[in-house]
Every structure is written in C-alpha cells, then in structure tokens.
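Heads up: the structure comes next, in structure tokens.
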C-alpha cells in the first residue's frame, strides 16, 4: 500500500467500475456466477432426480434425452454435475469459513500482542505446515470416517494457518501506521483498533486469499472424494464421479470428461477472480501485472 | 546468520517432537484391532490374543510411545503389522520409487516453468504473455489425477508407448523403470509447473521494476543479460520457496497419483497402511515425511542466504 | 532397398517368428486385487495368501479341484474307519520341500498339531478342533483320530489353512515360504509383485510355466489399462462391472464362472426394528434383485433365495419366497407398526459388490419409506464395528467360504440370528456322512433361512476371469479362493 490513508474511503461504485474493467476479474466473475447459479438452480430443478437409480437406463451415451449421458446407475450426468457443484461449493466455502473464522482472529491477536503469543502462533503454523496437507486430510477422514463434514474439517484445519499468516502479516504492517498510532493515542484499546481499523484494511488481502483457498478447497475436495473420503452417496460429488468413471472410461469416456471439466472450469473461474481482485485491490501488485 | 540457522534448527527439532506426539496420539484412537485384522473374521479369540502379545500391543501406551521414538532415532522403525517385516525395509523399498518420481517431476516442472516464466515476463502484456499465462491458469486448475487418467488413456492404452502403471523395479534396468515413472512424473509436474511459472513471472516483474535493474539497463547492458543474470538471480527467493514447498508436496502428495498408476511408492504405502490399520507403518512414514518437510524448509532457508548475500547479515 | 535385401529381411522376420511360434511362452504375469499380508496360509485368513500360494507353492494332504471336489494331493490315498472317526492317509514318496529336505509323515503330524495347538494363530483353528490325535504309523502313513465323526474332514484337509509345512521352515514361511508344490517362491517386492518359478524335480505332473509373477493391481480402474497394454495377461478375479470394457476385444477371453460367495444384505437380527420378522420381510420385498445384480455385477450374478450356491447339489431355488413387490413391502411395514417407514444405516465394506449394491438397495428401500444412510467402511472398521461389536443395522458381504451355511447357527455370530430349529438341523448335519441325507438336511435349512430372512439373499458372486485369449488352464470357477497354475499354459 502506498499511503497511510484509511482504505475504506473507496466507494463500492468506483471499485466495481475498476473491477469490471479488469479482464481477469470479469472472466472469473462470469464463470463463478455461472457455477453458483447452476448450484442454486439444482435446489429447485434438475433435469432428473439424482437419488432415484434407474438401473435399466445405465451407461447411455450423451443424447437429447440425457445431454451428458447417464452413469452406471442410470443417473443423469448433467443433473449430477449440477448437484455436485452444490457439494463442491459447500465444502470449499465452509472450509474457507473455518480457516478465516479461526485463522484471522489468531493472526490479528498475535500481531496485536506480539512477543510470546506471536511466537506460539508462528510455531503452531510451522507445525501444521510440516504435515503434508493431503496426507493429513486422508488421515483425518480415515479416523472420523469419510463424509462431507469430515472433509470440510480436514480441509478447514489447513486453512487456519494460511489465514493466520496473512492476517498477521497484514496487521503487522499496519500497526506502525500513523492512523493507527493516532487511534492508540486517542486511548482506544487494541481489540477495538483491530476491529475498527485493522480488519477493514486487511479485508482486501483476506478476500484475495479467500478466493485462492476456495479454489484449492474445490481441488482438495475433488481429491478426497476421488479417494472415496468425501461426500457419500447418494449425494453426488465430482471427485467420486471421476473415480466411478475411471473403470468405465473405454466405453464411456464422457463419464470422465464432464466432471473433469466442471472442476477445471470452477477452479479456473475462482483463480481468475482472485487474480482480478488482487489486481484491483492492491495497487502495488497491479503495477507488476 | 549462524544464530538464525541455529534457531531454525531448534524450531525444527521442537516441531518434530510435537509432531511425534500428535501422530502417535491420533493414531492410537483409530478404531480397529490390528491383531484381529491380520487374522481375519473367522479367527478365534485366543488366536487373536496370542498375536496381540506377540506384537506387543498389550504394553502400556507411554511405554509404546517411548519405544517407538527410541526406535525412530536408531532407524529401527519396528515391524509392520500387516507385512511382519521391519518397517525400515518397506520404507527403503518404497523410497526408491517415490524419491526419483518426485525428483523427476520437480526437474520437469522447473525445466518447463522457469523458461516459460522468464519468457512471459520479458513479453509482459503481449499476446505471448497472455497465452502462456492463460495456459498456466488452466494448468493450475487441472486436478492431477484427472490429468493422469487422460494421459493413461492416450499414451498407454491408445498409443501403447509407455506402461499404464506398475513399476518393474530398478532391477529390471534403468530404462524400463524410468519409462514406468514417465507418465506419473508428467501428471505430477504439469500442474506444479503452472504454479511455478506464474510465481517466476511475477517475481521477475517485481525485480525488473527495481532501480538497480533500470540502472543496469540504462548503462547499456543487453536486455538478455540483465534478465537472465541479474533479474532471475534476484527473483529466486520466491521461486525457491515455492520449489521447497513443491518438493514436500511431491514427496507426500503423490498418494493419489501413486494410486492411479499403482506405483509401489511411499504415498501408496501409507494409504494402504491407513486402510489396513498398520499403525506402526503410518506413524513411521508420516514422521519421515514431516522430518523431510522440515529438512527441506531448512535447506530453503539456507539457500536464501546463498542466493541473496544481503540476508546473511539481516536475518 | 535393393531386392535381395528385402528378401533377406523378410526371411529373417519369418525365421524369427517361426522360432517364436515353436516355443510357446512360459512366463505369465497374473493380476491379483489384494496383496497378501504375508505368505503363510496357515497364519492368516486373507484370501490373497491362498490366491498366490495354494497348490502352487504349498500342498495339503488333499486338495480342492476346480469344481470343488476333493482330490488326492500329498496323500495318494486314504481309508476311513466305519465309525467315521479314524482316517488313515497313505503319503506319496519322493516328495521334497523346496529347501531340499524330505517330506514324510512327521511333517504331517507337525503341521496338524501346530494348527490346532493352544497358541496357534491359524485362522481356521476350529476346523482342526475335531482332531483327537495324529499318529505317525510309518514314514508314509499317518493315522488321524477324530473326537467325533466330521462330514467335512477330507474337504477341510484340502483348504489352504491345512497345507503341510516343514518344522524347519514353519516360522519363516511368512517371508520365505517353503512348500512341496510345483512352484517355488523367488521374490516379493512389497506393494508390487510376488514372483514364483518352476521347481526342479517336482514329484507330481510337470507344469508348463517357468516363471510366474503375481502383480498386485488393486482396482479395476488400474486393471483395465494394465490388461489392454499387455503388462498383465490375466486377471482371474476381475471386477465384474469392468467387463463391458473388455468384451468384444478379440485379444481377450472373458470367462464367467461361479464362486462360493453368497452375497447377502445382512440385518442385525437382535437390533430393533430388524428383530421383527415383518420388517425383514418388508425389506426383502422392497428389493429388486435384478437391478442389484445388473448394477453391482454387470448382470452376471445368479440370484439366490437362501444361503447356498446354485452350483451346490444341495441347492434349492427359493428366489420366489419374497418377490419384488413395493405394495406388499409397505403392507409388511404396516403390520410391523412402522407405516411411516424408518431410518437406518448400511455399512459397506470396500468391494464393488457392496459399494455398488448398497447404493441400489438404498434407493430401492427409499421407495417404501426406509431411509438408509450409507456408511462406507474399510475392512478394518468392518471387522471391529460390524463383525466384532455388532454395531450395525445393515451391511452387505459376500461369504466366500464353501459349505458355510452353519454360520447362521453360530452363537454370537455378527448377524445375531437365533433359531433353535435351524441349529438342530446343523447339529445333525455335522454328524451325517450320507450324501442324500446331507442334501435333504441342507434343503430344510435353506428353507428356514429363506422364510425367516435373517439376511436378504441377493446373488451368488460371479467369478469373472479375464485373460489373454491364448492362455489356457486357469480355473473358470472359484470353489475356493485360489489360482491353481498347475495346468496353465500358452497356446501357440
């Protein structure tokens, strides 16, 4: 950040104008909205019921009746992808929520207190980072049993140190600033300053990191589901669909193609969105791109 | 510098100790009796009890922890519950698959990513930059197991150029072994290369904006020399950080890829061990991986100092 | 290319291919789905151990043939006393273990005593419980006395858990198996493959293969490309729902055989509401076997109505006892006082028959108002939670042991079924040697189970073998879990 003024002064309108002028943001925004809309629509309507198995209709190639074909239980692949989007988004979003909800207060606290508190937090971060994330997620789901909730916890835990680190770094850079010093001189407590001044000013950093972790969460969920440790049937999930498709790929490649594209498309959208956001929100970074 | 490294070393050691407590504690609460599992569901109670005694499962918890940690320090990892051979034998059999795989993937990813990143940075904003960074964006978004599936069906099933999976062992000769590692390495490397290329590009752009680079350019130094000799060297810190993280990721994160290609590597060993409740193998391998992550991070810290002399004094 | 050169080249090719044609291949890479935990069939129940070693490396007094019949093996003949309590085995001579030591009656006594000893870790220990004494009459004669007559004794002596080991190598067989069979153990790359090679001077019929590799290929997803790329030439136990990928490819043979695996939806018979007959009847009527078989075994499984393989001479077709009828199922539920349906869990172990079948069954039960929560479990969890702690509502398992209808009479067995009438039949069966009488008893036992539905009997697990079309001699059926390679050869 280039100056010491409070960041909140920017209006939403001017932000939106800047954002939509950014190609990366625009593309990411459109994709993300599309995927989210698809997930929301699936609550109200899907072409077919994904919980009803009609085994007699199994493994039908894409056609006008089933746009993306049917799977080995006769379920409509398009409907499954729509409902699967819901699952992917829910898992990744809640995992980001856990990471932010715990990580950000921790990071802010460490930055405000400094000293031993800061040291303990950083060592805790070292500890979590020393565990290979995917391996640990597998262990967690193996211990508590596979399922969407445990996948959320497993992914969420590894989001905590990420957000703690970002929040801490952001907060540390703010504490020596003039407007914070002024607030301290006015007799405000550290907690109040953190809420009133620090948080609004690191929100942009957190938003960018949140988008990135969201995308990573989608990938992680797909990986866990692929190993059979994510959402359980009858709830469709993209990773599981890929696992099921694997044994049937020679006669039915479409089973592997569509869910794979759904993942790539979603992650791509979120990453573009994150890039665009960081361009727009952080002038220093914008200069480099 | 020495003080800094010493501090890092101590932190690393402390992390290891805490990690060992976490790993042991967590795995002790896993459901499932290894003795029963080994004998199957028709086994009688007394046969199971006999095996529990044989495996030392009747000992108190603390004793087993100390025994295990003591073993780790002397490279005696105990005996696998399922294979009933020393864990160290299993691990050394698997490391010769996973380590080369990780190294090949890392080399491949670096060999692709750095030139692409540099190329992109040098043509910032031009179509070439847009295209290569667009490709990198897609690369980051591709799940490696899905990419692996596509590779298998194209190169192994259709074209039959390489085996679809499995590992013949290094005893079968270097070439067949390398051939078996080729697809998995590509599947692992490309998404990593995409990340690395993006980091290289933005790190370079940041450095290229610095005053001393402008000065060098102003003095008439050729663009190419500035880019490769001065800028890249100074852009190495973020690149090295990512490389360090990626190596740790590649060593441990190959679980899925090793499953797709049924490679007998560390990742699959630990995955199988988790499902078979071979706790002693899980504990040992996880500790080994945690230790290697810590060592790699230390090495990365050390290499910062080598790359950037300024840090030797500052940190 | 000049003319003479091309002629020379063509000749060379022709020569090369003709010499290849004369000498048929003698190597084989065979895919197995599970890796054995160790290589001692007498110290573990894992079918994966027998799938590699049974009759290839280790032999017993008798052996089980491809149709489930009892054949002589290390014992060339035997006599049974009139009271059915004494078996005298005459052993083959000139048999050597792979380490060069001689095989004789002492080894038989050692092996049988070891299997039934106090501290034995033999998984089928109870099968040896009837043995009273084992006597060495002379180096080639062994006399086994039983406490009571045992109808299955000769069969039991032929299973993998009853193979004969040498005292010198018994303790090290887990790592380095030493048997008397036509193949000897070479090496084991853990997680990857086990290699065997032909034994020189084998006592029995010579085998055709020189080198055999058992490649561990855990799932169908990996098996299909491995087969198509030629890395692995045979999968005797192929995942049924992968067959559609291979069918129609002339390079391969798909052989559908039978197993002894009764695939059943087990209910926890002491846990409400499954303790009510009407609830079990409702579940049985709600299930459409055909859809389950189509989805879980690619339509290859044979429907069963009770706990008996259709290949067994004692089999009675009881599949029509509770036909698929949603309305009727709802009536049964009403009779049980559960008109509004109920919720329960179904724990599914890893095999595809359970995971796929479970999803279909959950969908079918939803139609009658029973909501199942699907809980996939690893075998370890299944064993501890379902099998040992009986903490389950429903589960799907294929019971692959042959002639195991008696498990429904075992006290404390995981499905907690208790029926004195049934138990009496099983007791009678245990002391009956007469074939016709046995079949009659087995028939009555099947009918009780079919009526009482302690489990919904779904289908007989098919054995789907897929191998190179030029390969011959692998078993079509799987009366026991084994890959007998003694007759396997390449046709050229």
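Nothing in this text is a laboratory measurement; each read-out follows from the coordinates by a stated rule. These figures come from a predicted structure and were not determined experimentally. Glycine gets a Cβ as well: all are built from the backbone with ideal geometry, and neighbour counts include every protein chain shown.
Helix A:23-44 against the longest principal axis of chain A: what's the angle in degrees, Cα atoms only, rounded to the nearest 10?
50
Given R₀ = 30 Å, FRET efficiency for residue B:17-residue A:173 by Cβ-Cβ distance, to 0.05?
Once rounded, the FRET efficiency stands at 0.40.
Along Cα→Cβ, 7 Å out, is where each label goes; now give me the distance between the ones at residue B:161 and residue A:56 in nm to one decimal.
Here the modelled spin labels are 4.6 nm apart.
Which of rounded, prolate or oblate describes region A:1-156 when judged by the alpha-carbon gyration tensor and an a/c cut-off of 1.5? Spell out each step's value before the answer.
On the way: a/c = 3.57, a/b = 1.49, b/c = 2.39.
Oblate, because a/c is 1.5 or more while a/b does not exceed b/c.
For each of C:188, A:45, count neighbouring Cβ atoms within 10 Å of the residue's Cβ, then give the residues from fewest to most.
The order, fewest Cβ neighbours first, is A:45, C:188.
Between residue A:30 and residue C:255, how many nm apart are label points set 7 Å from Cα along the C-beta direction?
Roughly 5.8 nm, to one decimal.
At R0 = 60 Å, how high is the FRET efficiency between residue B:170 and residue A:185 if r is their beta carbon distance? Nearest 0.05 is fine.
With R0 = 60 Å, the Cβ-Cβ based efficiency is 0.30.
Which value in deg cm²/dmol, rounded to the nearest 500, describes the helix-derived mean residue ellipticity at 222 nm for chain B, given -39,500 (n - 2.57) per DSSP H run of n ≥ 4 and division by the residue count?
My calculation for chain B gives -24000 deg cm²/dmol from helical runs alone.
Roughly how crowded by other chains is peptide B:45-56, in terms of the mean Cβ count from those chains within 10 Å of each of its Cβ atoms? Spell out each step's value before the answer.
Working: counts 1, 5, 10, 3, 1, 5, 4, 0, 1, 2, 0, 0.
Average neighbour count from other chains, rounded to a whole number: 3.
Cα centroids of region B:41-72 and region C:205-249: how far apart, whole angstrom?
37
I need the shape label for chain C. Rule: rounded when a/c is under 1.5, else prolate if a/b > b/c, else oblate, with a, b, c from the alpha carbon gyration tensor.
oblate
Kirkwood-based Rg over Rh for the protein assembly as shown (C-alpha set), two decimals?
For the protein assembly as shown, the value is 1.01.
Test of understanding: ordering C:274, B:261 by Cβ neighbours within 10 Å, fewest first, what list do you get?
C:274, B:261
In terms of the ratio Rg/(2.2 N^0.38 Å) built on C-alpha atoms, what value belongs to region C:62-166?
Normalised Rg, Cα atoms only: 1.01.
To the nearest 10 degrees, how steep is helix A:254-281 against the longest Cα principal axis of chain A, on a 0 to 90 scale?
20
Would you please give the FRET efficiency between residue B:228 and residue B:74, computed as 1/(1 + (r/R0)^6) with r the Cβ-Cβ distance and R0 = 41 Å, to the nearest 0.05?
Numbers: r = 47 Å, r/R0 = 1.16.
Between residue B:228 and residue B:74 the formula returns 0.30.
Simple spin-label model, 7 Å along Cα-to-Cβ: residue B:26 to residue C:176 in nm?
If labels sit at residue B:26 and residue C:176, their model points lie 3.9 nm apart.
Under the rule a/c < 1.5 gives rounded, and otherwise a/b versus b/c splits prolate from oblate, where does region C:299-436 land using the Cα gyration tensor?
Cα axes put region C:299-436 in the prolate bin.
Per DSSP helix of 4 or more residues, -39500 (n - 2.57); summed, then divided by the residues of chain C. What does that give at 222 nm, rounded to the nearest 500? Present the calculation step by step, with values, prior to reporting the outcome.
Details: 11 runs with 126 residues, N = 492.
Calculated at 222 nm, the ellipticity per residue is -8000 deg cm²/dmol.
Enter the angle in degrees (range 0 to 90, nearest 10) between the Cα long axis of helix B:87-122 and the first principal axis of the Cα atoms of chain B, meaning the one along which they spread out most.
20
Could you please rank B:133, B:182, C:308, placing first whichever residue has the fewest other Cβ atoms within 10 Å of its Cβ?
Fewest-to-most Cβ neighbours within 10 Å comes out as B:182, B:133, C:308.
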